[in-house]
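Below is one structure, written out as structure tokens; comments come after it.
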Amino acid sequence: MPVGTNLLDAARQAGVELVAICGGEGICGECMIRPTAGSLSAPTLTEKAELAANDLAAGFRLACQAQVVGDVRIEIPPTSLTTPQRLQTEGQDAPDDFDPPLFVLDLQVDPPGLDDLRSDESRLRSALAKNRHPRITIERKVLAILPAILRQSAPDYRLRLVIRRNTETEHETKSLAAVLPANTKIYGLAVDVGTTKLAAYLVDLENGTTAARAGAMNPQISYGEDVISRIAYTNSHPDGAKTLQNSLVNSLNNLLDELCTEIDAGQPQIVEAVIVGNTCMHHLFAGLPVAQLGTAPYVAAVSDALLFPASDVGLKLSAGALVYMPPNIAGYVGADHIAMLIGARLKNPSQTTIALDIGTNTEISLFHNNLHWSCSCASGPAFEGAHITDGMRAAAGAIERLQIHGTEVQIKTISEQPATGICGSGILDTIAELRRHGLIDHRGVLKGQHPNLFLQKEKGGPHSAFILASADKTAIGRDIKVTRLDINEIQLAKAAIRTGVETLLSEAKITAEDIDTFLVAGAFGTYLDLDSAIRIGMFPDIGREKYEQIGNAAGSGARAMLVSLKQRQFAEQISLSVNYVELATNPAFHKLYIGSLAFP
């Protein structure tokens, strides 16, 4: 790397994904590294303000602030890496209305010869006409692979064609999506692009079953933990949007390689894709501008469904493969929320139903009396472990469950590994247990008597903290604890979610007691303890039997739209019928939010 290169940028270029919640502004303190050989530029004032004195003394630096001044070797603590975490790829099965936009046609083409000098295209069209498909559009990219596939099929010249039904016009038309050797299986790719995680599925398009699934981290994390940071990155870098698009597409192509290897398939067999994500992820993948999403009134560039060639964005599928992206509802309620509703089978529920997908942004829908309201609340990345003293994502070693029994604190870590930090479900349990035992009051202040409760010095003065695992029982050689400031982060996040729910109930002129079903989707929603969420007031106390955790419903919805044109039509109907509620301008929002900060 040239002298003067920012170390965070150098890591990105090398494919090392450091945590950079603030997008490299130096204010989150997450991208800590330590040089073990060579040297870096002198610590900046930002580093001196952000890093603890003992960390500075030990030689730790912030990668986003340090510059390369020569050959250097660095140590990267586990907490600074975007460690591959437990990724949610489960969900409900796809619906029964199997009605894919593509079908296969097996036929035989006349072989070329000295007595038949017609072009390959002419002989293919002749075979299509004999099979009652005389008018099929064949794109140049498909024609380009036809000669090679034909000659591979000699001497009988039998082919498998994948034909797309185009229903966007008044009269259905057909186009050729792929030319394959005879008897080749065909698949579709469904992807849920989360701000933090990717969930990908290969689906057999001849029977609708899921053939393979895999998850990965969204590589855009190294450019910012949340969508606002990524929008800021695109605004401050001339090629920022293209960089983020390329990093995502490259990761999807790698996931696709992994999936194809698992089932012994080739990428030419992947003939269609459905990609869902929040509005920002949707725009970045599709190559649409995102600057307007970062400023009021936060308007999407496109709300209608998109259908375009996969090759336009560099996704390596069959030559004629298209990508379908469902509609967006608003600037912060995107296609992934529509996919979640489809995956949860919630087009027009007869019961009063709340459905939410918890993430950095939490999208919420309320169905009542055949009406549908929706909103988005900025719950922040605290449930991903961000802005928490010893927070981390749901990776091996993360405390995910906690109980307090008298003076004893019992923890459970992911993969039963020695504790390295605490993830979202663990911090939720911790606060619920502290509240249950009277160790925090309704304001979130630590109080009372417990051997693990102590006073520590922090920025802004001394604060109480509670030790979850002592240094001799952790993998990092120091105590893992929760502080008053950590509790405040969770208060802000849980208040945002509860306010979103209460605002929609207010719009419908009903109360929480009127809710018949409360559906919780997403990775965090799958692993959180519902009793803990209710105890801290994040969810209303309406009876545990009304709650259901439904896994990655957005991924299920994407798979449903991959195999059903009817589900795509449902998606477009949902986008037109929903009443979007903008919380920032809602008159009840401020009062509800303040009231939701306290613990019950």
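The values are calculated or read from the model by the stated rules, or taken from the named source; none is laboratory data. Predicted model only: the values in this text are computed from it and were never measured. Backbone-built Cβ (ideal geometry, glycine too); neighbour counts: all protein chains shown.
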Condition first: farther than 30 Å from Leu439 by Cα and not in a helix (DSSP H, G or I). Now tell me which residues in region 569-600 satisfy that.
Val578, Asn579, Tyr580, Val581, Glu582, Asn586, Pro587, Ala588
For Glu363, state whether it is within 20 Å of Asp192 (Cα to Cα), at pLDDT 90 or above and out of contact with any Leu (no Cβ under 6 Å at 6 or more places or on another chain).
yes
In region 158-193, which residues are at pLDDT 90 or above and not in a strand (DSSP E or B)?
Ala182, Asn183, Thr184, Lys185, Ile186
Selection from region 286-304 of residues that are in contact with a Cys (Cβ under 7 Å, 6 or more places away or on another chain) and modelled with pLDDT of 95 or more:
Val290
In region 518-538, the residues that are in contact with a Phe, Trp or Tyr (Cβ under 7 Å, 6 or more places away or on another chain) and within 20 Å of His442 (Cβ to Cβ)
Ala533, Ile536, Gly537
Residue ranges of strands (runs of 3 or more DSSP E) in region 318-391 with at least 3 members closer than 29 Å to Arg165 by Cβ:
322-325
Selection within region 27-57 - touching a strand residue (DSSP E or B) at 6+ places or on another chain (Cβ under 6 Å) and part of a loop (DSSP other than H, G, I, E, B)
Cys31, Ser41
Failed criterion for Ala144 (all others in (1) in a helix (DSSP H, G or I); (2) within 20 Å of Met325 (Cβ to Cβ) hold)
(2)
Residue check, Ser425 closer than 30 Å to Trp373 by Cβ, small (Gly, Ala, Ser) and in a helix (DSSP H, G or I)
yes
Would you check if there is a residue in region 545-559 being free of Cβ contacts under 8 Å to residues at least 40 places away in the same chain, in a helix (DSSP H, G or I) and closer than 22 Å to Ile497 by Cα?
yes
Pull up region 375-398, narrow it to residues that are touching a Leu at 6+ places or on another chain (Cβ under 8 Å) and surrounded by fewer than 24 Cβ atoms within 10 Å (Cβ to Cβ), then point me to the one that is modelled with the highest pLDDT.
Thr389
Is it true that some residue in region 147-156 is part of a helix (DSSP H, G or I), under 24 Å from Lys316 (Cα atoms), in contact with a Leu (Cβ under 8 Å, 6 or more places away or on another chain) and at pLDDT 90 or above?
yes
List the strands (runs of 3 or more DSSP E) inside region 443-497, counting only whole elements, that have at least 3 residues being over 15 Å from Gly426 (Cα atoms) and without any contact (Cβ under 8 Å) to a residue 60 or more places away in the chain.
453-458, 461-469
Which condition number does Leu293 fail, the rest of (1) closer than 30 Å to Ile399 by Cα; (2) in contact with a Gly (Cβ under 7 Å, 6 or more places away or on another chain); (3) not basic (Lys, Arg) being met?
(1)
Within region 406-416, can one find any residue that is within 20 Å of Met32 (Cα to Cα), touching a helix residue (DSSP H, G or I) at 6+ places or on another chain (Cβ under 9 Å), in contact (Cβ under 8 Å) with a residue 60 or more places away in the chain and of a type in the set (A, V, I, L, M)?
no
